[in-house]
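Quick notes on the structure that follows.
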């Protein structure tokens, strides 16, 4: 089991594939398994490095200090440990914010932001706080996930019979799911987020936005991204790499080939 012992955590990560190195950084409540739809599409071209951010997955302990800067430091330590030289990064949601911090910490070939932009929406923090309260209440198992899915998936998912129930069953069965306590610990890191300065970025950056994203609305995201080249993917919600994995993989592959 790939692990890296750091000062205050043991960082779990997955690595597969062959070719230029691509580190994939998950968002809120997500670990290395969250990239499942993209892995078979990308590992034939790239070496995929997928860490479990502290508070998630098999990285322990769950309650080590957490912040956007600390998440980024963990990724930088992993990159140094693996010794791949210049990396590409793909960050989803909060993972994109971590990737932006890493542009000032690592020699990078390029960064792809997926359903991510440097902005702090108080509404989103309130949403996660409400979901956490539901999870900590006496509500039936999965109630909070059903509430979350409405914000994650494209509307078309709800037109597919059984799709939401299947997603719920898979989520509840996942053995390394983030606990409620760890979720609260990670949320505190998001609550303190200060948007990054995008001036003078030291490497190429592109953004992939989802047309139906309720958490990161396209119009507002474009304003926060300034002049970063942006692609809007149709029929996708915040779970952009689950709703449109082929399109996301194509954009990532083309970008890495342009900026090796």
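The values are calculated or read from the model by the stated rules, or taken from the named source; none is laboratory data. Small disclaimer: the values here were computed from a predicted structure and weren't measured. Cβ placement follows ideal geometry from the backbone for every residue including glycine, while neighbour counts extend to all protein chains displayed.
Listing for the model above:
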| item | result |
| --- | --- |
| Members of region 62-83 found to be touching a strand residue (DSSP E or B) at 6+ places or on another chain (Cβ under 6 Å), crowded, with 17+ Cβ neighbours inside 10 Å and more than 16 Å from residue 96 (Cα to Cα), listed by number | 78, 79 |
| Out of 58, 44, 50, sole residue that is over 25 Å from residue 109 (Cβ atoms) and in contact with a strand residue (DSSP E or B) (Cβ under 8 Å, 6 or more places away or on another chain) | 58 |
| Pick from region 1-37, criterion farther than 26 Å from residue 67 by Cα and assigned to a strand (DSSP E or B), ranking: nearest to the chain's Cα centre (by Cα) | 16 |
| Flag for residue 30 being closer than 28 Å to residue 216 by Cα, in contact with a helix residue (DSSP H, G or I) (Cβ under 9 Å, 6 or more places away or on another chain) and surrounded by fewer than 17 Cβ atoms within 10 Å (Cβ to Cβ) | no |
| Flag for residue 55 being in contact with a helix residue (DSSP H, G or I) (Cβ under 6 Å, 6 or more places away or on another chain), part of a loop (DSSP other than H, G, I, E, B) and crowded, with 24+ Cβ neighbours inside 10 Å | yes |
| Residue under evaluation residue 78, criteria (1) under 17 Å from the mean Cα position of the chain (by Cα); (2) touching a residue at least 40 places away in the same chain (Cβ under 8 Å); (3) under 16 Å from residue 241 (Cβ atoms), criterion not met | (3) |
| Filter result for residue 132 (in a helix (DSSP H, G or I), farther than 26 Å from residue 100 by Cα and modelled with pLDDT of 95 or more) | yes |
| Qualifying residues in region 38-52 (those that are in a loop (DSSP other than H, G, I, E, B) and surrounded by fewer than 18 Cβ atoms within 10 Å (Cβ to Cβ)) - the one nearest to the chain's Cα centre (by Cα) | 43 |
| Any hit, region 124-133, residues being under 23 Å from residue 52 (Cβ atoms), touching a strand residue (DSSP E or B) at 6+ places or on another chain (Cβ under 8 Å) and either without any contact (Cβ under 8 Å) to a residue 40 or more places away in the chain or surrounded by 14 or more Cβ atoms within 10 Å (Cβ to Cβ) (or both) | no |
| Helices (runs of 4 or more DSSP H) wholly inside region 149-260 that include at least 2 residues being under 18 Å from the mean Cα position of the chain (by Cα) and buried (at least 19 other Cβ atoms within 10 Å of the Cβ) | 180-191, 218-225, 240-243, 245-258 |
| Pairs, first closer than 16 Å to residue 205 by Cβ in region 235-260, second in a loop (DSSP other than H, G, I, E, B) and modelled with pLDDT of 95 or more, C-beta under 7 Å, six or more apart | 248/38; 256/20; 256/46; 259/204; 260/20 |
